[in-house]
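Below is one structure, written out as structure tokens, with a few remarks after it.
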Amino acid sequence: MASFNIVMPKLGESIQEGTITKWFVKEGDTVEEDDMLFEVATDKVDSEIPSPVDGVITKILYEEDSLVAVGEVLAVVSLDGEEEVSAEAEESASEEKSEAKAETTSESKESDVDESRKLSNRFYSPLVKTIAKEENVSLEELESIEGSGAGGRVQKKDILEYLENRGSTQPAAKVAPQKQSAPSAPSVEKKAPMPVSVGEGDTVVEMDRVRKLIADHMVMSKQVSPHVTSVVEADVTELVQWRNKNKNAFQEKYGDKITFMPIFTEAVATALAEFPLVNSSVDGDKIVMKKDINVGIAVAKPDGNLIVPVIRNAEQKNLVGLTKDLNRLANAARNNQLDPAAIQGGTFTITNFGSFGNIIGTPIINQPQVAILATGIIEKKPAVLETPSGDVIAIRHKMYLSLSYDHRIIDGALGGAFLRRIADILENFDTNRTI
Ligand code: CO6
């Protein structure tokens, strides 16, 4: 019987493992090429993985929530269409093998939990162990948690439930400042959360994994770098008129719609080239000035989460290239189809809350970058214009630009000059530009 092994894909250069968060198929199912097989989550991004072949799923070797190394076989597809579902005994054997493998994969990361596990006969999945480690749950505590899984096994939901209750009754443990990036940060003690009372009629919603990552990242960024925010107003009448005049022709010629974002990105990339300190990261007592100008764009996803794909070498691209990159990345982000590499390596971020009508904001820096620009809505406003024949009031298109920056290395003068430069570039947009 010809068979095909489905392996854990490599979802990015630096990614060595992934957690299977959902299987869309079960043993015995017939699949066609491109049918979704499973969802995998890394600390960067979630992806749905399609079947590369037609066939019948004969074996699934890892259950949901398993952390699996890149290249490990996850499932077997019979290419002859022969259904060969494993017998129960074989199944449990393979399950044990899977667990053993999964444990090996996460061994180095979780050595202290593994160490303590020697004292216990109970099995804990790699995911449960990772959560326990991150939340400083001791073995004694783990042992005390009632498991709802087969044979009383502690599942993810059991430990999360336990932590939710524990959070309101126990003082918070000291934790490491952050799991990733900001290597230079001084250690910061996580503050005990305020106890939350849940009243009758209140609804408790568990954050999904991505939301938890975002939440941690936001707290970490605020702890690591003291942010300040400066705001300027820009008169973008010329560029609005240029876009209105050219957007249909642009779409016809290049097959892509041009919004204001590529123009903002172009202005940012030009200004970053002139202000290299804003395109840097802090590493202890050192400042790493980045050679590449890689502009991250905050994209709102339909599920309410936010992701920041990166337009690489933005200063080397014209408006057509920037438009194509933006649309491709935004669409992929909205459809959960971003390659994990697409969200790595950003050196500066733009968040366009003008899309939903906001005017000014104080965005949080996307670590380990040192600045982030928020673009407000472009609106028509009455403005005083100085003309050779005196001042006049005219209707102009105006917007606010807000820049949050890391005050450890960027002073108000530099941050303000950089921000004003972006506004000047936008205000002086060349309306004779051809597409
Ligand atoms: N002014 C006026 N009109 C705008 C603006 C602004 N700032 N931004 C977008 N638009 C228009 C845009 O030109 C489109 O109009 P038409 O071309 O005439 O059809 C329309 O609004 C829709 O634009 P769309 O959002 O689809 O595309 P755009 O390229 O402008 O933006 C995106 C792409 C991926 C940035 C955007 O879709 C998105 O996801 N934005 C939300 C980003 C976000 O949630 N950021 C976090 C905000 S929270 O930062 C934050 C400080 C704290 C509060």
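Only the coordinates and a few stated rules stand behind these numbers; no lab work does. Owing to the predicted nature of the structure, the values given are computational and were not obtained by experimental measurement. Here the Cβ positions follow ideal geometry from the backbone for every residue, glycine too, while neighbour counts run over all protein chains shown.
For the pair K245 and S3, the difference between a 0.36 nm per residue extended length and the Cα-Cα distance amounts to 81.4 nm. What's the percent breakdown of Cα-Cα distances in segment 1-72 across 5 Å bins, shortest bin first? Going out from 0 Å in 5 Å bins, segment 1-72 shows 3, 17, 28, 26, 17, 7, 2, 0 percent. Among residues other than L329 with Cβ under 13 Å from its Cβ, the summed charge is +3 (Lys and Arg +1, Asp and Glu -1).
Annotation: amide H-H contacts under 5 Å for E17 (H modelled 1.01 Å from N, sequence separation of 5 or more, or interchain): V70.
How high is the FRET efficiency between Q316 and V204 when r is their beta carbon distance and R₀ equals 56 Å, given to the nearest 0.05?
0.70
Rg of the Cα atoms in segment 306-394, relative to 2.2 N^0.38 Å, amounts to 1.45. Think of each Lys and Arg Cβ as +1 and each Asp and Glu Cβ as -1; about the Cα centre, that makes the dipole of segment 211-427 roughly 620 debye. Between T229 and Q16, the FRET efficiency from the beta-carbon distance, with R0 = 30 Å, is close to 0.20. As a calculated quantity, the FRET efficiency between E134 and R408 at R0 = 35 Å, using C-beta atoms, amounts to about 0.80. Computed over segment 211-427, the percent of Cα pairs more than 22 Å apart is 51. Answer rounded, prolate or oblate for segment 202-290, using the Cα gyration tensor with square roots of eigenvalues a ≥ b ≥ c: rounded when a/c is under 1.5, else prolate when a/b is larger than b/c, else oblate. In terms of gyration-tensor shape, oblate.
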